[in-house]
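Quick notes on the structure that follows.
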Amino acid sequence: DFVKRCYWGIKEFPCRQKHEYLSFISTTSFLGPCCSFNYNPKNLSYVPFSANIFGIDGGLTIIGVEGSERNLLTGLIVLAHHPMDYVTEATSSVTITSNSESFVEISPTVQSSSTEVLELSQGKRDCLISDDLELHNYRQAACSLACRTEAIMKRCQCVPYHIPNAKADYRECKLNDSVCYSKNYGLYIVFLAHTLVDLS
C-alpha cells in the first residue's frame, strides 16, 4: 500500500502490474512479510536483471505514502541484497521516514576464485561451489543459510516459516515451537557469524 508511483530509470510503470521483471511481489524475510523488486525466490528459473546505466536515472524510483502525513513515526525499511540471496539479518538495510526524499546507493563488488582453486577437489578446496551441488548459482549466503537451517532443525526439529525450506521432510515451525526458536536465537546468530568467518 505504501508504493504509489514507480519508475525504472525515467520511465514510469504501473506499480501493481504483473511483469516478468518490472513488478513487486509478496515475499518473506527475517522481518516478516515484504514487498520485493527483482527478487523471486519461489521461481527457481528466475534470472535477475541489472541496469546498464548508473546514477539516479538508472535504477528504481518509488513515490510512496503511508499513514498520516502529520505522523513522522511512519516509514519503511528497505533491504538491499543480491537478487539470488535470501534476506537475513546480515542484509544491508536503510530506514526511510515519511515526508523525506531518500537515495539508496548500491556499490557492487565482485569476488571470484581462480581457475586453479576451482580445479581442486572439494576436500582440498574445503568449500562448495555450484558444480559440486549441480546448481546454476550457489553463493556464500546460500551456504550460510543452509548451515543455519540445519542448526535450527537440529535444536527445534522444525524450520521457521520465514526461512526457505529446501527439504520436504523438514516441517515448518508452529506456534508451540517459537519458545525453542526464541530461546536459541542467540546461538543461531553466533553460529552464522562463525560460519561466515570460516568461509572467508
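Worth a mention:
- Partnerless cysteines, meaning none of the other Cys C-beta atoms lie under 4.7 Å away, in the chain: Cys34, Cys35, Cys127, Cys143, Cys147
- Net +/- balance of residues flanking Glu116 in space, Cβ distance below 13 Å, scoring K and R +1, D and E -1: +1
- These residues, Ile163, Ile96, go from largest to smallest accessible area, 1.4 Å probe, as Ile96, Ile163.
- Each 10 Å bin, from zero up to the one with the longest distance, holds this percent of the alpha carbon pairs of the stretch 108-171: 17, 42, 28, 13, 0.
- Rounded accessible area of Glu150 (nearest 10 Å², 1.4 Å probe): 80
- Measuring r between the beta carbons of Tyr21 and Asp132 and using R0 = 25 Å, the FRET efficiency lands at 0.25.
- To put it simply, the accessible area of the chain at a 1.4 Å probe is 55 percent carbon and sulfur.
- Per residue, the stretch 1-65 exposes 72 Å² of accessible surface when a 1.4 Å probe is rolled over the protein heavy atoms with every protein chain present.
- Based on C-alpha pairs under 8 angstrom that are at least 6 apart in sequence, the chain has a relative contact order of 15 percent.
- Mean ellipticity per residue at 222 nm, deg cm²/dmol - from DSSP H runs of n ≥ 4 across the chain, formula -39500 (n - 2.57): -6500 deg cm²/dmol
- Heavy-atom SASA rank of His19, His136 (probe 1.4 Å, accessible area, largest first): His136, His19
- Nearest-20 debye value, the stretch 1-105 charge dipole, Cβ charges on Lys, Arg, Asp, Glu: 320
- Cα pair distances exceeding 20 angstrom across the stretch 1-124, given as percent: 54
- Against the main long axis of the alpha-carbon atoms of the chain, helix 185-199 sits at an angle near 70°.
- The stretch 119-172, relative contact order in percent, only Cα pairs under 8 angstrom and at least six apart counted: 19
- Between helix 140-156 and the chain there is an angle of about 70 degrees, using the helix long axis and the longest principal axis of the Cα atoms.
- Ligands, DNA and RNA aside, Asp177 has an accessible area near 20 Å² when probed at 1.4 Å.
The values are calculated or read from the model by the stated rules, or taken from the named source; none is laboratory data. This is a predicted model, so every value here is computed, not measured. Please note: Cβ atoms are built from the backbone with ideal geometry, for glycine as well, and neighbour counts cover all protein chains shown. Side chains included, ligands, DNA and RNA excluded: accessible areas come from the protein's heavy atoms. Shrake-Rupley method; radii C 1.70, N 1.55, O 1.52, S 1.80 Å.
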